[in-house]
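Here's the structure, in structure tokens; my notes come after.
The values are calculated or read from the model by the stated rules, or taken from the named source; none is laboratory data. Since the model is a prediction, treat every value here as computed from it, not as a measurement. Virtual Cβ from ideal backbone geometry, glycine too; neighbours counted across all protein chains shown. Each accessible area value is taken on the protein alone, full model and side chains, heavy atoms only, with ligands, DNA and RNA left out. Shrake-Rupley method; radii C 1.70, N 1.55, O 1.52, S 1.80 Å.
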Amino acid sequence: MSGVYSGVQTRIQKKERNALYIHCAAHNLNLVLQDAVSHVPEVSRFFEVIQSLYVFFGESITRWSVLQSLTTESSVTLKRLCPTRWSSRYDSLLALRFRFVDVLKALSKLILTSTKSKEREEARVLRNKIESFEFVFLLVLQSKVLEHINAISKVLQSEHMDLCNAAHLIHNAIEALSSYRKQFEDAKTTAIKLAEKWGIPAMFVIKRVPKVKRHSGELCLDERLQDPEKRFKTTIFYATLDVITSQLSSRFGSMNTVVERFRIIQPRVLATESEDNLFQAALQFQHYYQDDISSDFAGQLVSFRSALQNEISELHTVKDLAHLLIIDNAALSSTLPDVCTALILFLTLPVTVASAERSFSKLSLIKNYLRNSMSQQRLSGLALLSIENERARKLDIPAIVDKFAESKARRRNF
């Protein structure tokens, strides 16, 4: 039966590859944030200042020691911005937010005491960029956005995460960011409290608003927002959150489609749905996977629910449901092969490709220039042992060797 399931898994994974490998995983969260940066130039310039701060202090031991001497929290240090791992950006913003005054003190001290004119000028430019209420507001806004995305990104990379929980987390993030969009005044209050620590006035700088020349025949003028606060609220605050929420909805739409397709095998739905609705949903599911699931699936699913309805009502995940049928009731699973196939299909659909990417990183450690002549079979075996090292360490090697020796022994006692 395992051979049949492996073949089914291969076909289903090929069918769903475009829906899952492209439109889900923690990598998509990085793409969402990159889109937000590219669509809002002010956010892009904001992160450039964050990176410039780290480079300014990090490339000089003297400057770093000046910053460390003024810090109030020795465990919180400035972090480098990684272009691919947005969790590092959250760490960078968190460090700057809680050491905002210390960074300004260090820049001011270098401006006054440094003997290098270039160093003084760089410190003065950085301080002028940081000493603006718009920068402080962006620091608060981006910290709040990355606070939600960072937590989800780390959870999605867990090997125990399934599609239902992943879709639920993404939905919660969209709702949280949509709700934060309506809390501009609360975000402004938080920014004012942070700005007051250094005496930065809580006001947006009035900037020149360019206008497009009116040509003959046009009926209206090119109108721009003149109030700097309204312009920041519309073009930066709303724009950033709208891009992120819309990208989350569109990029993870296929994940929600797959979750909805497998809705009938969720324990909560399976235990409470009426028999007619369950039968119709099972027929639709079987029609979509008709190459792998027979037409008996609907009847098998109804029989499975009738036989173990009390046990099913106490479960929460598909993994628990598969354990109940395939492990705890192995005798019953032989009469319900299509239900077992549906459960295994859902559990084998990948939420993220992070595990596969980590597996490829093992190859450079195993097959290096000293082992260049290693055969493919040996490489596959060593890679499997390295990837599954936790399970490999638990194997009883002497017992396996004894069993192998007994099966290969040519002399037998009669």
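Got a number for residues in the stretch 232-244 being in contact (Cβ under 8 Å) with a residue 24 or more places away in the chain and open to solvent by 20 Å² or more (accessible area, probe 1.4 Å)?
Within the stretch 232-244, residues that are in contact (Cβ under 8 Å) with a residue 24 or more places away in the chain and open to solvent by 20 Å² or more (accessible area, probe 1.4 Å) number 6.
Would you check which residues across the stretch 126-179 are among the charged types (D, E, K, R) and over 21 Å from VAL40 (Cα atoms) and list them?
ARG127, LYS154, GLU159, ASP162, GLU175
Mind counting the residues in the stretch 106-118 that are open to solvent by 50 Å² or more (accessible area, probe 1.4 Å) and either outside any helix (DSSP H, G or I) or touching a helix residue (DSSP H, G or I) at 6+ places or on another chain (Cβ under 8 Å) (or both)? Quick ask: steps written out before the conclusion?
Quick first cut of the stretch 106-118, residues open to solvent by 50 Å² or more (accessible area, probe 1.4 Å) only: 109, 112-113, 115-118.
Retained after the next criterion (residues that are either outside any helix (DSSP H, G or I) or touching a helix residue (DSSP H, G or I) at 6+ places or on another chain (Cβ under 8 Å) (or both)): 109, 115-116.
Going through the stretch 106-118 one residue at a time, the tally reaches 3.
Take ALA176 and decide whether it is surrounded by fewer than 17 Cβ atoms within 10 Å (Cβ to Cβ), at pLDDT below 80 and assigned to a helix (DSSP H, G or I).
Criteria not met by ALA176.
Listed residues PHE56, PHE133, PHE98; which is closer than 20 Å to GLY199 by Cβ and buried (at least 18 other Cβ atoms within 10 Å of the Cβ)? Walk me through how you get there before you give the answer.
Details: PHE56 fails: closer than 20 Å to GLY199 by Cβ; PHE98 fails: buried (at least 18 other Cβ atoms within 10 Å of the Cβ).
Answer to the selection: PHE133.
Within the stretch 323-340, how many residues turn out to be open to solvent by 10 Å² or more (accessible area, probe 1.4 Å) and either assigned to a helix (DSSP H, G or I) or closer than 12 Å to ASP292 by Cα (or both)?
Here the count works out to 11.
Please specify each residue of the stretch 119-162 satisfying the condition of being among the polar types (S, T, N, Q) and in a helix (DSSP H, G or I).
From the stretch 119-162, those among the polar types (S, T, N, Q) are 128, 132, 142-143, 150, 153, 157-158; that's our starting set.
Scanning the stretch 119-162 gives ASN128, GLN142, SER143, ASN150, SER153.
Looking at the stretch 59-91 only, could you name the residues that are more than 18 Å from TRP198 (Cβ to Cβ), part of a helix (DSSP H, G or I), of a type outside the set (D, E, K, R) and modelled with pLDDT under 85?
TRP86, SER87, SER88, TYR90 - these are the residues of the stretch 59-91 that are more than 18 Å from TRP198 (Cβ to Cβ), part of a helix (DSSP H, G or I), of a type outside the set (D, E, K, R) and modelled with pLDDT under 85.
Give the residue, chosen from VAL103, VAL125, that is at pLDDT 85 or above and open to solvent by less than 50 Å² (accessible area, probe 1.4 Å).
Sole residue among the options that is at pLDDT 85 or above and open to solvent by less than 50 Å² (accessible area, probe 1.4 Å): VAL103.
For residues in the stretch 345-377 being within 30 Å of VAL258 (Cα to Cα) and open to solvent by 80 Å² or more (accessible area, probe 1.4 Å), which is modelled with the lowest pLDDT?
Applying the filter and picking the extreme gives GLU357.
How many residues does the stretch 275-318 contain that are part of a helix (DSSP H, G or I) and acidic (Asp, Glu)? So that I can check it myself, show each step before the final result.
Quick first cut of the stretch 275-318, residues part of a helix (DSSP H, G or I) only: 275-288, 297-307, 309-313, 318.
Subsequent filtering for residues that are acidic (Asp, Glu) retains 275-276, 311.
Total satisfying the criteria: 3.
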